[in-house]
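Working notes for the structure below.
The values are calculated or read from the model by the stated rules, or taken from the named source; none is laboratory data. Please read all numbers here as calculations on a predicted model, not as lab measurements. Note that each Cβ is placed from the backbone with ideal geometry, even for glycine, and that neighbours are counted across all protein chains shown.
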Protein chains: 2
Amino acid sequence: MRAKASREPLSRERVLTAAVALVDADGIAALTMRRLAANLGVEAMSLYYHLPGKDALLDGLVESVFQEIGAAVARLGPQDGMDWRTRLRQRFLAAREVMLRHPWAPGLMGSRPTIPADVYAYYDGILGTLIEAGFSYRIAHRALHAFGSLPFGFAQEIFSPTAAGGNLEVEVTEAEMAAMAESLPHLTAMVAAEIHDAGDPTLGWCDSQVEFEFTLDLLLDGLDRLRRTSV
Amino acid sequence: MRAKASREPLSRERVLTAAVALVDADGIAALTMRRLAANLGVEAMSLYYHLPGKDALLDGLVESVFQEIGAAVARLGPQDGMDWRTRLRQRFLAAREVMLRHPWAPGLMGSRPTIPADVYAYYDGILGTLIEAGFSYRIAHRALHAFGSLPFGFAQEIFSPTAAGGNLEVEVTEAEMAAMAESLPHLTAMVAAEIHDAGDPTLGWCDSQVEFEFTLDLLLDGLDRLRRTSV
DNA sequence: ACCTGAACACCGTTCAAGT
DNA sequence: ACCTGAACACCGTTCAAGT
């Protein structure tokens, strides 16, 4: 895990790249000034020359992930011929691919008190798409809120990605299953009725691609209906 | 802030109550084993007799908030005559009132690796309401995901409640405003078009009651349309 | 049964100092 | 300009010990 010593000096960018790699590999709890420095072949105090402190490091992590989203969206190319729903759908799905690579990012974003500046530009683009499609500012504003975290490629997860929900069936014994059927009749029936493909890459608790796209389309369709009736 | 010394012995419940009070008052970062103990008039090590460690304390905090939601929902009384949309709407709005009292809770929930057991029963009730209304298990399952955090009384907040978004206009100078109009034309126009009631109690970044209910109704209406067409 | 004191390993951060 | 060593205040947690 320790990077080979390099003679080129540190930089904010190198520090952030190493931090993303560290967190991807060992989780957010492993991100320590001392450990990050060690991975860079340097003392902890050296980091303070490139970043004011740990909060700035965490902000930088969020910024890094968002820039990755920005790059993925830019890679989609011009969207001239498309209607607004297709445009937004592509954006959000591109963001999702980035998030699948950094499952710690949603939790980190949710805990930061500041918003990286580039995010405003990102939202401005979404808003522009909506206005161009004929939405009023009022409805477009509410649409931004309704989208929630979808622009960042993840559906709502109230609890952490590593939560137990998805593995429910696996860890439960026969006796517990019977008790569950009694206390949680509807959930038990649902699990029985639904067969999930195991092992698909997911952000967590059943938050598979299918669920993500269902929520996305439910909102897009509902907004489109609003647009065509009242605007 | 220090509680008066009491002769009755500590208990898990007393510890959790004090922890909620501490976090309500001073924020989640102020929750320290040593500080919590001091508030209880006790040494830090005493807490370990009632809770295995800090993780258990954080889990207990989430559990406490959820039990408050459970109590608020129970206070709604029997829902016999109501249709499914009204039932869910009342539930989610009741949960929202609890969350407004504990603005740190969404962030904490998002960072916990485990789900309190009672939450399953809560979801089972929501699922039962959907099934009773005629939804298939497949659609009901997806509806649970689409709801996201609404059952817990908060709409998606990608960034922390204390984020800057809501105060954007206030902190911006004239020159910055002009620059903003150039780089963020649509957002600037939206802010100009929208007048927000200042000072309303909110979970954060424009997540006012109106936005919450808009998202809620958008999803409920969309689901209802699905129910009546394909089921 | 319930609480404590001393100690340990580990944080983030400061500051003066090195090169 | 860039990095370091020693030190500080503060963590969560252990363990043997008190009552």
Quiz item: Limited to the stretch A:124-139, what total is found for residues that are part of a helix (DSSP H, G or I) and more than 7 Å from chain B (Cβ to nearest Cβ)?
Solution: 6
Quiz item: Considering the stretch B:32-65 alone, what residues qualify as being more than 15 Å from DNA strand C (Cβ to nearest atom) and within 14 Å of another protein chain (Cβ to nearest Cβ)?
Solution: B:55, B:58, B:59, B:61, B:62, B:63, B:65
Quiz item: Which ranges mark the helices (runs of 4 or more DSSP H) fully within the stretch B:14-118 that have 2 or more residues being more than 15 Å from DNA strand D (Cβ to nearest atom), out of contact with any His (no Cβ under 8 Å at 6 or more places or on another chain) and closer than 27 Å to residue B:218 by Cβ?
Solution: B:54-74, B:84-101, B:105-111
Self-check item: Meets criteria (loosely packed, with under 14 Cβ neighbours inside 10 Å, modelled with pLDDT of 85 or more, more than 7 Å from every other protein chain (Cβ to nearest Cβ) and more than 18 Å from the chain's Cα centre (by Cα)) for residue B:182
Solution: yes
Quiz item: Looking at the stretch A:142-157, which of its residues are at the interface with chain B (Cβ under 7 Å from one of its Cβ atoms), in a helix (DSSP H, G or I) and not aliphatic (A, V, I, L, M)?
Solution: A:142, A:145, A:152
